[in-house]
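Have a look at the structure below, then the notes.
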Amino acid sequence: MTISTLFPVMQSEFLDEATARINYVGQEINKVDLSNKSNRLLEVEQMKQLRYEMERLLNLVRHWKLNMTHDIINLIFRSMDQMRMLKDAILLGYNVTADVIPLLRELRGYAETSKKNANMRQDILSSISAEAGKAFNLDAIIHRIQNEGIRVLQIQVGLASRCMMKMACAMVILDQIGSLVGEVLYMEPSSVEAGEDSYSQVRYIVVDPVQVDDIQGWIRSMGDVTNVDVHFRV
């Protein structure tokens, strides 16, 4: 189990707080007239690189490209300490004793890992999709995907009985989920079955979601939606 799985709220709060602190330190430096601190250009450049790599790592976690782990949290804290040291070196003329290169190497390593994982996930999903076309069994496909360590999200949407164009509404939601959340593996009822307009619930199965924040909120804001249930398949 990772922190992402056990404490999603804790992860979200940590990401927001870490991002705010990084931005605060960066804003402090942006306010400084660096024209009379030409002897600190190295520290300024190191700070820019460190900030960029930290923000990239946080975004990879935020968009579910990496799982939050204790190692990542520790790396973020160590990187923040280094940013503060660089800030003090620039503003107060202190000497920086710690080397920023190992931290940058660690941060970039996670980005490379994420890229390799994304390519591997795409190969796995393509392979499973090709096999699924021969004999479609949703539960078996989901099980195989999960065995490869890929997240599967289920979104269930209730439509009001007064809705006169349920198929159109279901397809609009499908398009929004595909654009904002991730690849939709399955929709029930299908676009063919949906033409009857005799159903009240639509289920979407999303593979490898990149965004899960406030899904319920923006789907509920759509007309004729009565309820929304979002959860990871286990």
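A few remarks follow.
- Straight-line cross-link partners of K48 among the aspartates and glutamates, defined as a Cα under 15 Å from its Cα and at least 8 positions apart when in the same chain: E28, D81, D88, D99.
- Accessible area per residue was computed with a 1.4 Å probe on protein heavy atoms; M164 scores about 150 Å².
- Using the Cβ-Cβ distance between M164 and V210 with R0 = 25 Å, the FRET efficiency computed as 1/(1 + (r/R0)^6) comes to roughly 0.15.
- Carbon/sulfur fraction of accessible area - the stretch 21-66, other protein chains in place, 1.4 Å, %: 48
- Estimated FRET transfer efficiency (D88, Q176; beta-carbon r; R0 45 Å; 0.05): 0.45
- Qualifying aspartates and glutamates (Cα of each under 18 Å from Cα of K115; at least 8 residues distant if same chain): E53, E55, E106, D123, E148, E183, D208
The values are calculated or read from the model by the stated rules, or taken from the named source; none is laboratory data. Since this is a predicted model, take the numbers as computed values, not measurements. Glycine also receives a Cβ, built like all others from the backbone with ideal geometry; neighbour counts cover every protein chain displayed. Each accessible area value is taken on the protein alone, full model and side chains, heavy atoms only, with ligands, DNA and RNA left out. Shrake-Rupley method; radii C 1.70, N 1.55, O 1.52, S 1.80 Å.
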